[in-house]
1. For the condition part of a strand (DSSP E or B), farther than 27 Å from residue 420 by Cβ and touching a helix residue (DSSP H, G or I) at 6+ places or on another chain (Cβ under 9 Å), what is the one hit in 287, 335?
2. Would you tally the residues in the stretch 297-324 being surrounded by 23 or more Cβ atoms within 10 Å (Cβ to Cβ) and over 18 Å from the mean Cα position of the chain (by Cα)?
3. Assuming residue 283 fulfils every condition listed in (1) closer than 18 Å to residue 243 by Cβ; (2) surrounded by fewer than 16 Cβ atoms within 10 Å (Cβ to Cβ); (3) within 16 Å of the ligand (Cβ to nearest atom) apart from one, which condition is it?
4. In contact with a helix residue (DSSP H, G or I) (Cβ under 9 Å, 6 or more places away or on another chain), surrounded by fewer than 21 Cβ atoms within 10 Å (Cβ to Cβ) and part of a loop (DSSP other than H, G, I, E, B): does that describe residue 65?
5. Please go through the stretch 410-434 and pick out each residue that is more than 15 Å from residue 396 (Cα to Cα) and assigned to a loop (DSSP other than H, G, I, E, B).
6. Which condition does residue 49 not pass, out of (1) more than 21 Å from residue 267 (Cβ to Cβ); (2) crowded, with 24+ Cβ neighbours inside 10 Å; (3) assigned by TED's automatic domain parsing to the domain that holds residue 177; (4) in contact (Cβ under 8 Å) with a residue 60 or more places away in the chain, if it passes all the others?
7. Of all residues being outside any loop (DSSP other than H, G, I, E, B) and under 15 Å from the mean Cα position of the chain (by Cα) in the stretch 346-374, which is farthest from the ligand (Cβ to nearest atom)? Just the residue, please.
8. Among the numbered criteria (1) within 16 Å of the ligand (Cβ to nearest atom); (2) not in a loop (DSSP other than H, G, I, E, B), which single criterion is violated by residue 19?
Ligand code: S3P
């Protein structure tokens, strides 16, 4: 897709106030389409993320013959076709910028009777896919990649799959979910062990659709050959989108914001844990459970932050939030050290290098390392510099630097922000409403 160059211009200063409901959780939205499509019966989804990534998944299932109504104000109705009801798509399935769509679908499609081809944009076509194709091959799948193990992926159908026991070398929910979805079609049991806890939305949603998932310590197992029964899915607001406002409110004096109905699954709350350790003022209220996922309203008031050594066990629990956490670190008193986060180099962009480059432009001492970053924060009274930074088409980089303007000495201009629509349609309007002086 030819993207227009959307430039964000954010005037310095301001504070974030009021109440805000950010869009639906991206991970849960993807999974609702996948499981709803394979289920028996009709699945009603509410709170669905109408962002490009989740819409790529939705379109892929339409291309495979599933009748899906919506999205209309976050409401999607999926007429499930059952485990064997998908049809051969007319052409390649285009996953756009979405790693989750490509990796999860690669597993699910390995179990179908027809061939498929998965393509993506420039960023997705450079991301590593052997982490899924190699264990899938162990299960009996036949998947073609480029010589360097990247997309396009050609998934051969009609290959008998067998369950495996796989110890993941990287803590990746995408790899785990891919293998569990393939495991639904495999003979016997598929078990995946993770080196550290990662988001468990697949396990929770499978259970919600009546499919047994056995969890023993760090291992999740499914037995192939079962079926899914349609169930309503209420998608909470995405904590990864709320995170921008959590950091923005923390670093800008006079802020007091409530983020409503946010998913606070324990495998996603690294950003809360890390910010609290830095001294942030965050309170959760109205805690409840919807459709097997915990949600809460999150109130954040400005507070002086201090630099910390980020505990490595929090890294997978905050993996998408590091771009904006680096901005928090730049405004904190003293040094913040991140290690054990090599994965950041293979996200939508190399988030270690790209954030370090942008922070340098804003005058921040940020030293990238192989697996993290060391940032010297300026403390409560510091101002960041102003300037023009490059998002490298990465939605979370664009939104992270938008929040940096709250503490900048002049405007922050961010280049190539079109991909903000992959995860947070309406970001500019929501941010303006909250008090950020942002224009596009
Ligand atoms: C996701 C898992 C994470 C995350 C991505 C969404 C998911 O990737 O970065 O944005 O929905 O399973 P990894 O599991 O590869 O770290």
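1. On the way: 287 fails: touching a helix residue (DSSP H, G or I) at 6+ places or on another chain (Cβ under 9 Å).
After applying the criteria, what remains is 335.
2. Looking only at that region, the number is 4.
3. Condition not satisfied by residue 283: (3).
4. Judged against the criteria, residue 65 is not a match.
5. 410, 411
6. Unmet for residue 49, out of (1) more than 21 Å from residue 267 (Cβ to Cβ); (2) crowded, with 24+ Cβ neighbours inside 10 Å; (3) assigned by TED's automatic domain parsing to the domain that holds residue 177; (4) in contact (Cβ under 8 Å) with a residue 60 or more places away in the chain: (1).
7. 351
8. Result: residue 19 passes all but (1).
The values are calculated or read from the model by the stated rules, or taken from the named source; none is laboratory data. Remember, predicted model here, so these are calculated numbers, not experimental data. Positions of Cβ are generated from backbone atoms using ideal geometry, with glycine treated the same way; all protein chains shown enter the neighbour counts.
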